[in-house]
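K.L.:
The structure under discussion is supplied below as structure tokens; questions concerning it will follow.
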Amino acid sequence: MNKRKTIGDIISSKGVFNDGDWVESKDQDPNGDIRLIQLADIGDGVFINKSNRFMNKETAIRLNCTFLKRGDILMARMPDPIGRACIFPGIEFDAVTVVDVCVIRPLNTEVYNDYLKFLINNDIYRREINKHVTGTTRKRISRKNLNKIKFDLPSLENQKRIAQVLANCENLIQKRKESIALLDELLKSTFLEMFGNPVRNEKKWDYKTIKEHIGKVSTGNTPLRKDVDNFGEFIEWIKTDNIKRNNKFLSTSREYLSKKGKQLGRVVQSNSLLVSCIAGSIKSIGNIAIANREVAFNQQINAIAPYNDVDIEFLYWMFFISKEYLESKANKGMKKMISKSDFEKIKFPKPDFDLQLKFSAVSKKVETIKQSYQIYLQELENLYGSLSQKAFKGELDLSNVVLKKIVAIKIDNSYFTTNKEQTLKTKTEQVNIGFIKPTSKDVENILKTTIKDGFKTTLFSIEDIEKELLKNKISIDNNEIKKHLRNAMAHNIIKQEYSGTTKQVMFKLKK
């Protein structure tokens with residue numbers, strides 16, 4: 001049996017295993033040409049590319065910074081979670097990173113970087129990381145402690161097989177998540193088409209305060225915690241962390257009130273809407289959820305029991321679309337909040353009830369599809385967890401896994417391998433395969449023409465657009481296509497429709 005390894009053991013003499021650099025605020029320069037990668041850029045398996053910090057090259061050289069290379073593994077030494085790792089894909093700028101990010105560059109022909117990334121993000125390895133975490137208020141793992149964690153390193157071929165199996169599973173999970181997100185976009189665009197924007201009220205619906213024509217508002221209450229008799233197992237007690245931005249229904253609370261506590265608190269019946277009206281540690285004002293059961297709730301929440309001529313599905317989506325508008329109604333003090341009296345005075349339109357019910361019918365159908373997608377997503381995530389556990393315990397049978405053709409990209413004497421379909425696009429590569437990569441100014445016009453000429457009356461997907469571009473030897477980033485589609489929906493140029501043939505939400509040009 002092979003001797004168990006640490007990360008330090010697999011780094012070649014030319015490799016890198018060190019922390020990022022200590023770059024202070026005074027060392028940064030918003031006009032600099034060196035990107036400073038932050039903890040916020042390091043996702044759990046994915047490079048997020050979220051931050052916007054820079055420094056100039058002279059300072060980076062003076063500080064002896066480690067310049068990142070495409071294919072480096074970046075691991076966050078601080079939460080959340082500690083130890084999350086991703087592959088650095090290369091960006092348009094030269095880049096360095098901060099001290100709380102560990103840079104791992106094996107430069108070892110016996111190590112496949114994608115496998116190492118999956119290994120670090122696996123629950124087994126993550127539990128070992130947690131054993132070596134130090135600090136109380138700012139928990140982190142030191143590189144020294146990280147190098148105490150041992151693991152098995154299978155053959156290079158098996159590393160590739162494991163990485164391929166897990167990557168395929170991840171891709172399926174991501175596609176299912178995108179399908180669920182598209183269903184929400186479908187309902188949002190359907191709402192805007194039927195009712196217009198609730199804040200601007202372009203369709204001139206009856207426009208009055210929440211108290212006048214939406215529903216009865218009540219504010220929650222928190223029984224005294226020092227009186228333990230207030231708490232028990234009688235009724236679920238909801239707080240703002242049970243009202244999540246993209247969850248239509250309340251999440252289950254871990255706290256319950258007693259019969260006595262229920263009398264001191266506030267109770268809302270099923271089919272009411274709960275709205276978070278105070279800012280917590282995260283931006284939570286305007287988060288909403290439907291109460292699909294009787295619950296008690298605390299004083300940071302306003303509840304609306306809608307009047308008989310207001311449909312709960314319509315009400316949910318009206319508030320969902322108007323979150324920023326609700327946030328703007330918060331007071332300007334240290335603790336941002338919307339009082340009950342101020343909340344009742346906020347104005348909203350109230351469309352015809354029959355039209356609300358038509359939207360509700362569409363919403364419920366889409367919700368049924370969404371629930372089936374979520375069940376499938378949960379099954380995929382469970383499968384991924386099982387495969388991952390078995391893979392890193394050496395219990396996964398890899399004999400039937402056929403490796404896809406692998407392309408090795410050589411960059412500054414460093415090899416980073418990837419599936420042929422996912423090969424990183426460099427200028428040289430584009431010339432070799434004869435593809436044209438348009439400038440950012442041309443992207444919008446090319447996509448408009450491609451969609452208009454290729455899909456005048458038919459439903460289409462992002463994949464269909466990519467195929468049309470492929471015919472014309474044009475390369476446009478997938479994120480640019482998604483951005484164009486979002487803008488086109490916002491300007492009522494295209495809409496989303498569910499296809500009974502493909503069983504997915506697709507796009508269609510509006511007439």
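The values are calculated or read from the model by the stated rules, or taken from the named source; none is laboratory data. Everything quoted here is computed from the prediction, not taken from an experiment. Cβ placement follows ideal geometry from the backbone for every residue including glycine, while neighbour counts extend to all protein chains displayed. Accessible surface is based on the protein model in full, side chains and every heavy atom, while ligands, DNA and RNA are left aside. Shrake-Rupley method; radii C 1.70, N 1.55, O 1.52, S 1.80 Å.
K.L.:
I need the full set of residues from the range 481-494 which are modelled with pLDDT under 85 and surrounded by 15 or more Cβ atoms within 10 Å (Cβ to Cβ), in order please.
P.N.:
Once the filter is applied, which keeps residues that are modelled with pLDDT under 85 and surrounded by 15 or more Cβ atoms within 10 Å (Cβ to Cβ), the range 481-494 yields only Met489.
K.L.:
Here is a list of conditions, (1) under 23 Å from Val133 (Cα atoms); (2) touching a residue at least 60 places away in the same chain (Cβ under 8 Å); (3) open to solvent by less than 10 Å² (accessible area, probe 1.4 Å); (4) not hydroxyl-bearing (Ser, Thr, Tyr), and Leu39 meets all of them except one; can you say which number that is?
P.N.:
Evaluating Leu39 over (1) under 23 Å from Val133 (Cα atoms); (2) touching a residue at least 60 places away in the same chain (Cβ under 8 Å); (3) open to solvent by less than 10 Å² (accessible area, probe 1.4 Å); (4) not hydroxyl-bearing (Ser, Thr, Tyr) leaves (3) as the failure.
K.L.:
In addition: Taking the stated definitions as given, is Glu178 of a type in the set (Asp, Glu), open to solvent by 20 Å² or more (accessible area, probe 1.4 Å) and under 30 Å from Leu396 (Cα atoms)?
P.N.:
In short, yes.
K.L.:
Could you please give the count of residues in the range 310-348 that are touching a residue at least 24 places away in the same chain (Cβ under 8 Å), among the charged types (D, E, K, R) and within 13 Å of Ile210 (Cα to Cα)?
P.N.:
4
K.L.:
Related question: Could you tell me which numbered condition Ile82 fails, if it satisfies all but one of (1) more than 18 Å from Ile10 (Cβ to Cβ); (2) among the aliphatic types (A, V, I, L, M); (3) open to solvent by less than 10 Å² (accessible area, probe 1.4 Å)?
P.N.:
(3)
K.L.:
Still on this structure: Condition first: aliphatic (A, V, I, L, M), within 18 Å of the chain's Cα centre (by Cα) and crowded, with 16+ Cβ neighbours inside 10 Å. Now tell me which residues in the range 47-79 satisfy that.
P.N.:
Ala76
K.L.:
If a residue has to be under 24 Å from Val275 (Cβ atoms), in a strand (DSSP E or B) and either of a type in the set (Phe, Trp, Tyr) or free of Cβ contacts under 8 Å to residues at least 60 places away in the same chain (or both) to count, how many in the range 208-239 make the cut?
P.N.:
Total meeting the criteria: 1.
K.L.:
Hydrophobic (A, V, I, L, M, F, W, C), touching a Leu at 6+ places or on another chain (Cβ under 7 Å), open to solvent by 10 Å² or more (accessible area, probe 1.4 Å) and farther than 26 Å from Lys393 by Cβ - does that describe any residue in the range 107-120?
P.N.:
No: zero hits.
K.L.:
For the range 19-28, what are the residues that are surrounded by 14 or more Cβ atoms within 10 Å (Cβ to Cβ) and under 29 Å from the mean Cα position of the chain (by Cα)?
P.N.:
Answer for the range 19-28, where residues must be surrounded by 14 or more Cβ atoms within 10 Å (Cβ to Cβ) and under 29 Å from the mean Cα position of the chain (by Cα): Asp19, Gly20, Asp21, Val23, Gln28.
K.L.:
Please work out which one of (1) within 30 Å of Tyr115 (Cβ to Cβ); (2) at pLDDT below 80; (3) assigned to a loop (DSSP other than H, G, I, E, B); (4) open to solvent by less than 40 Å² (accessible area, probe 1.4 Å) is the condition Lys425 fails and give its number.
P.N.:
All conditions are met except number (4).
K.L.:
Within the range 83-140, work out how many residues are among the charged types (D, E, K, R), assigned to a helix (DSSP H, G or I) and touching a residue at least 24 places away in the same chain (Cβ under 8 Å).
P.N.:
4
K.L.:
I would also like to ask the following. Kindly indicate whether Ile149 is over 26 Å from the mean Cα position of the chain (by Cα) and in contact (Cβ under 8 Å) with a residue 40 or more places away in the chain.
P.N.:
Yes, satisfied.
K.L.:
What pairs come up if the first residue lies in the range 1-29 and is in contact (Cβ under 8 Å) with a residue 24 or more places away in the chain and of a type in the set (A, V, I, L, M), the second is part of a helix (DSSP H, G or I) and open to solvent by less than 40 Å² (accessible area, probe 1.4 Å), and their beta carbons are under 7 Å apart, counting only those six or more places apart or on different chains?
P.N.:
Ile7/Leu146
K.L.:
Given the condition aromatic (Phe, Trp, Tyr) and out of contact with any Lys or Arg (no Cβ under 8 Å at 6 or more places or on another chain), answer yes or no: does some residue in the range 321-329 qualify?
P.N.:
Looking for residues that are aromatic (Phe, Trp, Tyr) and out of contact with any Lys or Arg (no Cβ under 8 Å at 6 or more places or on another chain), one finds at least one in the range 321-329, hence yes.
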